[in-house]
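What follows is calculated from the coordinates using simple rules that are stated; it is not laboratory data. Small disclaimer: the values here were computed from a predicted structure and weren't measured. Heads up, the Cβs are rebuilt from the backbone with ideal geometry, glycines too, and the neighbour counts pull from every protein chain shown.
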Amino acid sequence: MAQKYNPSEIERKWQQRWAADHIYEVKDDSKRTKFYALTMFPYTSGDLHIGHWYAMAPSDVYARFKRMQGYNVLHPMGFDAFGLPAENAAINHGIHPYDWTMKNIENMGRQLRSMGAIYDWNREVVTCLPDYYKWTQWFFLKFYHAGLAYRAEAPVNWCPRCQTVLANEQVIGEGICERCSTTVTKRELEQWFFRITKYAEELLDHSRLDWPERIKIMQRNWVGKSEGAEIYFRLEHESIEQREIKVFTTRPDTIFGVTFFLLAPEHPLVTQLTTPECKNEVDKYIAWCRRQTEYERIALGKEKTGVFLGNYVINPLNGERVPIWITDYVLPTYGTGAVMAVPAHDERDLEFARRFNLPVRTVIAPPGWTGEQLTEVYTGSGTMVNSGEFSGLTSEQGYAAICDLLEEKRWGKRTVIYRLRDWLISRQRYWGAPIPIIYCDKCGIVPVPEEDLPVLLPLDAEFKPTGESPLKYCQSFVNTTCPKCSGIARRETDTMDTFMCSSWYFLRYTSPEIMDAPFDDTKVKYWLPVDLYTGGAEHAVMHLFYARFFIKTLRDIGLVNFGEPFTRLFNQGTIIYRGDKMSKSRGNVIAPDEYVAELGTDAVRGYLMFIGPWDLGGEWNDRGIVGISRWLNRVWSLVTTDYYSSVADLEAKKEFLHLTHKTIKEVTVDLERFRFNTMLSSLMEFSNYLSKIKESGLVSDSLWWEAIRYFLILLAPTAPHLAEELWTRTRHPYSIHNQPWPEYDKELAKEEEITLVIQVNGKLRDKVVVPASISEVEAKELALSRERVKFYIDGKKLTKVIYVPKRVVNIVVAS
Ligand SMILES: [Zn+2]
Ligand SMILES: [Zn+2]
């Protein structure tokens, strides 16, 4: 029976067998409780590296666990196949994006299969294929007919190197292109937008979502909600048709401190408000601003620039004349593109006032203020001063009183604004789904009729980027007839942002075979929403945000009956190698294929699980994976060699049962919390213990084999191939992966318990009953998290935490 563990042989064998038996094929069984475990699908930009494995292998372990727990689990896989990465790679390699993409899908598919995951490949979704993007286009039409898609000229972020428009989210750091690090400039273009701003308020609501707090915060910041007042400043200039300019402020209580007024250089009234004497300077300044990036414009602390227009507005509260200036740090896209400047209480306004010698008037007194000129900006609340009848009120009272007055006199009103802009979906690139719109000289914008979908992306177009849509030059594509009047017409030549494609792919997995609809209603009703979504935190404000918007619109159009796509979200950490994040340019990329060939898939899976808590990641270390491989070899020997029972020892039996059930309990609890590393530690400890029992033979044959049976089932999600092989070799009926997850016996699993005393600076503050096996780290963590302890340590500096094993945690804080 003893034979060497040969991972590549058994892994190939079982992968073929599972595929031939379709054991991971998912049935839509409405009688069973479903669990939709989704992993973000990969871009088709090349090989799968270990980062992909880190996203996919642990999520497969979890999906397997839920499956063994009896859930009907959908854990599908597909490819995000349109978009810049594939297109750029294709250009660099001189082959067609389609060929490049399909070749990558083949290779990545092979790699994914080698992982031994439970993907049901019948449900594979590839976003660049017409049977998929037909429906992406169909959704565009739905949005268009619902008034949620519109065309507008807008200044857009333009990457001169990628030769394309970028969404705000793709402009990072100091205004650079996320993909190629080139400085982004501005351009005016006719573009298609989705009205995501209509959902701003609802997108702020994460109350029903089990998501990481930092992702929620990033989304909230992205929406950027501000409450305040809109105030109308009357124009002094009589000959202009418009009588007033609206500003938004979060601090109406500071309105008596307005000493100048600022407009964005792009504000539509600038030309009319510029006096002839000022025109020259103003024109020069506007030309200069156009060359600035948004980031340069709003950077804090940089020297302020601006020009006086020669005109004035009237402050409605005190009737003062206020000079109008333009400056680059007021952006046309935020609020109204106009600002009432209050230099005493706003940092940038103060810098501006100092630069141009404009007056600074304190109107909010900081606590203890005695009337002297403030040398620094004061942005807090306080008592209103120099504010006419409002002097003496607190900021909060003043805020309300001034808003009431503004509303009573119709000088303004309370309002809320958002930083969120509508979603720009037009891309001047080739490798995307064409926007299904036709332009007719007679009829204007005409949506492509549904029955004419898909609008096929021509494969014979020249796709190299020129700054214009490559499809513009593809005559067979551009020239068409108008669906309304049958006259000569042109097709829209921009393609859609690929975040469109990834906003609904999880619906398609439920029914990829369906041809006459994007998805089967009944199946979507059964499977959705996604119960667990796993992937990288870098998708916080793009993919995860857009997908939420998409589902909300589908709900409002009446296509789905839920409003949030992903109930629970989990972000895995990052695998680093040689002290750095893996990247091709650093030359420190781990290719999983080599390790799979040498040590086996199960060892790679196991090592990724063991490397650290999944949400934190860890450092890849070749010695570490060898250690896991050795452990799997020991497991092999443990199970494939015979067991000889010597004497049945009662004490040994008691301990044996306790440790068996304790292990089942720990593995179950750890899996539930994605604590794969401690789960493996438990399994390792248990296998070490089993080795000792094997030497002594202190338990009966039947008890021994029962424990081995449990052990293999617990190992199955992590090392599916090895577990299946050993299961068969121990004469259990195929397949281990269809076994129910074991229940542990609570009494047997029960730990010896102790009472832990928690002290703060030596004083008894709390007591807690814990398992005797509690580790030092766990004990300290627990102590610090107790509410009663927090009361004594909050806001104080933690000096040290002392642990007296099984007795006391003493927290020392500086008072
Ligand atoms: Zn770029
Ligand atoms: Zn027409």
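Summary table below
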quantity	calculated
Amide H partners (placed H, <5 Å) of residue 244, local residues excluded	235
Percent breakdown of C-alpha pair distances by 5 Å bin, ordered from the shortest bin, for the range 338-447	2, 9, 12, 14, 13, 10, 7, 4, 5, 7, 7, 6, 3, 1, 0
Per residue, the convex hull volume that the Cα atoms of the chain enclose (Å³)	213
Part-to-part distance (alpha-carbon centres) for the range 14-44 and the range 601-660, which is given in Å	27
Kirkwood Rh (inverse of mean 1/r, distinct Cα pairs), the range 515-563, angstrom	12.1
Theoretical FRET efficiency, 1/(1+(r/R0)^6), r = Cβ-Cβ of residue 802 and residue 622, R0 35 Å, to 0.05	0.40
Whole-Hz ³J(HN,Hα) from phi, Karplus 6.51 cos²θ - 1.76 cosθ + 1.60, for the range 591-603, glycine and proline x	8, x, 3, 4, 5, 4, 5, 7, 10, x, 4, 4, 5
FRET efficiency for residue 706 and residue 593, using Cβ-Cβ distance with R0 set to 35 Å, rounded to 0.05	0.35
Angle between the chain longest axis and helix 543-557 axis [Cα atoms, degrees, rounded to 10]	80
Other-chain or far-sequence residues with amide H under 5 Å of residue 80's (modelled H)	43, 44
Computed [θ] at 222 nm, deg cm²/dmol, the chain (DSSP H ≥ 4; -39,500 (n - 2.57); rounded to nearest 500)	-11500 deg cm²/dmol
Cα-centre dipole for the chain with unit charges at Cβ (Lys and Arg positive, Asp and Glu negative), debye to 20	900
Charge-dipole axis of the chain as Lys and Arg at +1 and Asp and Glu at -1 on Cβ define it, positive-most pick from 560, 755, 26	755
Pairs of lysine residues in the range 1-105 - Cα separation under 20 Å, sequence separation of 8 or more or cross-chain	4
Contour minus Cα-Cα distance for residue 121 and residue 578 (0.36 nm per residue)	161.0 nm
Cα centroid separation, the range 371-430 to the range 104-183 (Å)	39
Eligible lysines near residue 767 by straight Cα distance, threshold 18 Å, same-chain separation 8 or greater	780, 790, 806
Contour excess over end-to-end distance, with Cα ends at residue 355 and residue 642 and 0.36 nm allotted per residue	94.6 nm
Inter-site label distance for residue 521 and residue 131 at 7 Å from Cα along Cβ, in nm	2.3
C-alpha center-to-center spacing [the range 664-703, the range 446-509] in angstrom	58
Dimensionless Rg ratio for the range 543-620, taking C-alpha atoms and the 2.2 N^0.38 Å reference	1.63
Long-range amide H partners of residue 699 with built H, under 5 Å	646
HN-Hα J in Hz across the range 206-211 - Karplus 6.51, -1.76, 1.60, θ = phi - 60°, x for Gly and Pro	10, 4, 9, 10, 9, 10
Residue-span extension gain [residue 214 to residue 695] - 0.36 nm each, minus C-alpha spacing	168.1 nm
In sequence order, calculated HN-Hα J values of the range 694-705 (Karplus, 6.51, -1.76, 1.60; Hz; x Gly/Pro)	4, 5, 7, x, 7, 10, 6, 3, 5, 5, 4, 5
Exposure proxy ranking, count of Cβ atoms within 10 Å, fewest first, for 724, 188, 25	188, 25, 724
Rg in Å to one decimal, and Dmax rounded to a whole Å, for the range 616-768 via C-alpha atoms	18.0, 60
Most to least packed among 401-407, 557-563, 245-251 [average Cβ atoms within 10 Å]	245-251, 401-407, 557-563
Pairwise FRET efficiency - residue 443 versus residue 280, Cβ, R0 = 45 Å, nearest 0.05	0.50
